[in-house]
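The structure under discussion appears below in the form of structure tokens.
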Amino acid sequence: RGMNMFKPKLSNMLSLLVIALLMLVTGCQSATTPESSDNKEDAAAPSFTLVELQSEKEVNFPADFSGKKTALVFFSLSWPSCVDEVLQLQPVLEDWKQHNFELIIITSDKPDDMKEFMQKNNIQATVLLDSEYTASKQYRVQYIPTDILVNEQSQIDQQFVGWQGEKSMAVIEKWLKD
């Protein structure tokens with residue numbers, strides 16, 4: 001009889017553990033809606049220097065993109081929602097460049113893997129290699145994909161976690177036109 005009183009508690013604990021593991025595994029794919037964060041808006045975009053994938057030259061952000069609207073996309077090839085985002089953005093990038101827009105993909109993936117992905121999918125975007133998580137730490141990125149929208153004055157306008165297809169696209173399009 002004494003051991004029976006622990007069975008429901010053990011069962012509940014196992015259920016909570018399973019839920020927590022599921023949240024951990026799926027949380028990075030589309031955990032939240034694409035809405036701006038409440039404490040990052042209008043803050044100066046932190047500076048960092050990373051190497052660009054194709055040119056292998058150092059790029060200074062935001063200095064090298066001053067006067068442009070930029071979307072920093074913290075990305076990993078291992079997360080399907082990250083790949084979906086970049087593939088869904090590709091067809092509209094040319095049009096968005098008319099709004100003085102630059103897409104910057106920040107990744108810790110292996111350079112050869114990223115080059116293959118970019119070439120295979122004809123992705124036209126700046127890719128910065130963040131193998132030591134320099135930019136990720138500067139922007140306090142906890143989940144991927146994370147998008148940070150930076151205006152022409154190098155101020156953070158919006159930040160959101162997760163890619164929600166058309167809904168996320170609409171958020172970026174509205175921001176570009178404002």
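The values are calculated or read from the model by the stated rules, or taken from the named source; none is laboratory data. Here the structure is a predicted model, which means the values were calculated and not measured. Heads up, the Cβs are rebuilt from the backbone with ideal geometry, glycines too, and the neighbour counts pull from every protein chain shown. SASA here: full protein model, heavy atoms, side chains in, ligands and nucleic acids out. Shrake-Rupley method; radii C 1.70, N 1.55, O 1.52, S 1.80 Å.
To keep it simple, each residue is scored yes or no on (1) hydrophobic (A, V, I, L, M, F, W, C); (2) in contact (Cβ under 8 Å) with a residue 24 or more places away in the chain.
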position	(1), (2)
F74	yes, yes
L77	yes, yes
E85	no, yes
L93	yes, yes
Q98	no, no
L103	yes, yes
M114	yes, yes
F117	yes, yes
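Tell me yes or no: at least one residue of region 87-99 is modelled with pLDDT of 95 or more, acidic (D, E) and open to solvent by 60 Å² or more (accessible area, probe 1.4 Å). No: zero hits.
Filtering region 149-178 to residues that are surrounded by fewer than 21 Cβ atoms within 10 Å (Cβ to Cβ) and in a loop (DSSP other than H, G, I, E, B) leaves N151, E152, Q153, S154, Q164, G165, D178. None of T126, T70, T134, T107 is open to solvent by less than 40 Å² (accessible area, probe 1.4 Å), of a type in the set (V, I, T) and more than 26 Å from K177 (Cα to Cα) except T107.
Under the condition of being open to solvent by 40 Å² or more (accessible area, probe 1.4 Å), modelled with pLDDT of 95 or more, within 15 Å of Q153 (Cβ to Cβ) and part of a loop (DSSP other than H, G, I, E, B), the residues counted in region 29-67 number 1. Here E116 meets each of (1) of a type in the set (D, E, K, R); (2) surrounded by 12 or more Cβ atoms within 10 Å (Cβ to Cβ); (3) not in a helix (DSSP H, G or I) with one exception, condition (3).
For E94, the conditions (1) on the phi > 0 side of the Ramachandran plot; (2) more than 17 Å from the chain's Cα centre (by Cα); (3) not β-branched (V, I, T) all hold with the exception of (1). Among the residues of region 68-87, those that are among the hydrophobic types (A, V, I, L, M, F, W, C) and either farther than 10 Å from L103 by Cβ or part of a helix (DSSP H, G or I) (or both) comprise F74, F75, L77, W79, C82, V83, V86, L87.
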